Amino acid sequence: MSIQFDRLFQHSPNAYMVLDRQMRFVEANHAYELLTGLSRAQLLGRALFDVFPGATNDDGSPQADVLRASLERAFATGERDVLALIPYAIESDTPDGRIVDVRYWSATHTPLRGDDGNVVAVMQHTTDVTEVHRLREEVRRAREATGLTAEQMSEGVLSRAAAVQRDNARLSARQAFLTDLFEQAPGFMAVLRGPDNVFDLANEAYERLIGRRDFIGVPLREVLPELRDQGFFELLDQVRETGNPFVGRGMPVILQDAGGEERTLFVDFIYQPVRDSHGRIEGIFVQGADVTGREAALSALRESEGRFRTIANLVPQMVWSARGNGEIDYCNQRWYDFTGLPEGATRGHEWDEPLHPDDRDRAWALWRRSLATGEPYDIEYRMRFHTGEYRWVLGRALPMRDASGLIVRWMGTCTDIQDQKRVQEMLERSQDALRSADRQKDHFLAMLAHELRNPLAPIATAAQLLKMAPDSVQNVLQASEIIDRQAIHMGNLVEDLMDVSRVTRGLTSLKRRRVRLSEIVDAAIEQTMPLMTRRGHRFSLADRTHGVELWADRSRLTQILSNLLNNAAKYTPPNGTVALEIERQASDVLLRVRDNGVGIEPELLSRVFELFAQAESTPERHEGGLGIGLALARSLTRLHGGTLTAHSAGAGEGSTFELRLPGEVPPGLDDEALE
């Protein structure tokens, strides 16, 4: 069976109309047309208070203010608002001209929500209770009357009786209609009279609410004694004393059934004072609705939300959620602990405040793309930690869709990946270092093969000389010199390699004794001078120390210094300058080797003491060697408790190597160990 709600609305005997947020008519049914005397076409699109501006109350206040306030409350709170009794003037056209009729109304304003859950309109259910109100006033006045004169009694008795009969018939019909409306109202209603709150009226919905019948004329305290200590009796007394209505929303009430078993309900209601013609409060009108189902749903929602927040605060990640349009509406405590921002500071579209300025545009672009396409959000960016530093964070979000596939929410997380980033960078640097070491190894092997192959050619030549003239003394001597010289060269290469192997494995031990620094300097210069002379270098020595003695291995220290002087000679173009400066600095001795050679590029300077480290081969660097001399020199220096450092302003700017050694000889050593 299909119910046509539009026809049901239009043909309902109850007067209904619907207003939008601008208080304009958007719908009105036939019963409302009959009630107001205006057609639906005359109402739609017009402002309510333009059509029905109302009059002014006896106290000077506009009648429209009470009605406007009730409608605004319904829009603002999203809750139903009830006006139990309100006087309101209606202007209408009659054959006698336009008249203003002040009538009494009872109105219920129910908010209507759109697809997004926001209140978009309010439906008014209106009942004209003027005749009931006037009848009550006429009865009151009749009772207060003093009687009629004989002339008045004799005049028009029959005609007035007929008129009264007709009026009574109309009033009875109207009262029956109003009674039906009262009884059939979906919300519970009752009227309480006097200070004892005696039931004067109660509809069927009220009877169903309390589970009792036949209580008209009985005080509230006797009908519902379980209300004691729940505050409702006190509220009724307050309304009667102050004359101000009381509106309760979602208030719990404990009632007992016929068996005495208690049940808890939740109700929205209003206690509206009812005044007589003199303004005295003669009763209280009670109207409301059972909202137990709504409150149960809200309680379950709050419980579910509480569980979610508890779980969200337990996980190690930052958890957040956003509406379908991308507005952030929740961040867990972990987010605020991480960022140090006050709670609520990143709601709406302000979530990017803690992001690194260089990452914001990229993060926003990807977020907008996800909002537009529904694709998962996945990005790495830097976020400001509560200490002020920026840490790398992995941001992810997935959409949540309703039954129709529309995205209604996004659930996201942010994970601190700073440590993973640091490990990743370390791995990348390690891989780069391994690749560099592999290249250096390949280069070293190539250089080693070259250095070992060079002596073979002279040795092969010497062998040929011996074959050609084995009996020639001169040939034998010449060949022997060649072989001897090349054997010494190859021996030196092998010894250097063995030195490196021993040092790197920690197998090298020093033969220390008291030695004079001047003798070590002379020995190193003597070893290097042939190369300097061959290349035409100008060598200078500036020794500002006298008789300095060291506790050192003489041969190893000579090896270190000769290596430095040899490098200066090799990597300085012909006719260059090489200088050796020696001075004391506190308890140390500093030996400084300077040259004006090819210099060292910044990239190589940081690793010049590494094994196999060499610059690219150029005409100025054709004296390449194996790339182990400086590494060996630094290792031997450290064994002596010293340091070896390199300085250069760059390519073509020459180089300076500083050898710093402890200048103190430990006390108690045998002076005979001095050489």
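Every read-out reported here was derived from the displayed coordinates using simple, explicitly stated rules and does not represent laboratory data. These numbers come from a predicted model, not from an experiment. Glycine also receives a Cβ, built like all others from the backbone with ideal geometry; neighbour counts cover every protein chain displayed.
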Query - Computed lengthening from Asp58 to Thr387, 0.36 nm per intervening residue step minus Cα-Cα distance - result: 111.7 nm
Report summary line: Cα-based Debye curve of the stretch 207-347 sampled at q = 0.19, 0.20 Å⁻¹ gives log₁₀ I(q)/I(0) of -1.13, -1.22
Query raised in the report: For the stretch 515-577, which semi-axes, largest first and in whole Å, follow from the square roots of 5 times the eigenvalues of its Cα gyration tensor?
Result: 23, 12, 8
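Pulled fully out, how much extra length does the chain show between Val408 and Ala651, if you take 0.36 nm times their separation in residues and subtract their Cα-Cα distance?
Working: separation 243, 0.36 × 243 = 87.48 nm, distance 6.41 nm.
Fully extending the segment from Val408 to Ala651 adds 81.1 nm.
Once R0 is set to 60 Å, what does the formula 1/(1 + (r/R0)^6) return for the Cβ-Cβ distance between Ser518 and Asp337, expressed as a FRET efficiency to the nearest 0.05? Walk me through the intermediate numbers first.
Values: r = 67 Å, r/R0 = 1.12.
The formula returns an efficiency of 0.35 here.
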Query raised in the report: What nm value, rounded to one decimal, do you get for the distance between Ala460 and Asp276 when each label is placed 7 Å out toward the C-beta?
Result: 13.9 nm
**Report entry** Alpha-carbon centroid distance for the pair the stretch 372-438 / the stretch 636-664, whole angstrom
**Finding:** 45 Å
Query raised in the report: Using a basic spin-label model with each label point 7 Å from the Cα along Cα→Cβ, how many nm lie between Arg485 and Asn325?
Result: 9.2 nm
Query raised in the report: Kirkwood hydrodynamic radius of the stretch 71-118 from all distinct Cα pairs, in Å?
Result: 13.2 Å
Report task. Determine, at each q value in 0.15, 0.16, 0.23 (inverse angstroms), the log₁₀ of I(q)/I(0) that the Debye formula gives when each Cα of the stretch 316-416 is one equal point scatterer. Result -> -0.56, -0.63, -1.31
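Return Tyr104, Tyr381, Tyr88 ranked ascending by Cβ neighbour count within 10 Å, so the fewest neighbours appear first.
Starting with the residue having the fewest Cβ neighbours, the order is Tyr104, Tyr381, Tyr88.
Wrap a convex hull around the Cα atoms of the stretch 5-128, take a quarter of its surface area, and give that in square nanometres.
Seen from a random direction, the Cα hull of the stretch 5-128 projects 8.3 nm² on average.
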Report task. Starting from the Cα-Cα distance between Glu380 and Ala76, subtract it from 0.36 nm times their residue separation and give me the gain in nm to one decimal. Result -> 105.3 nm
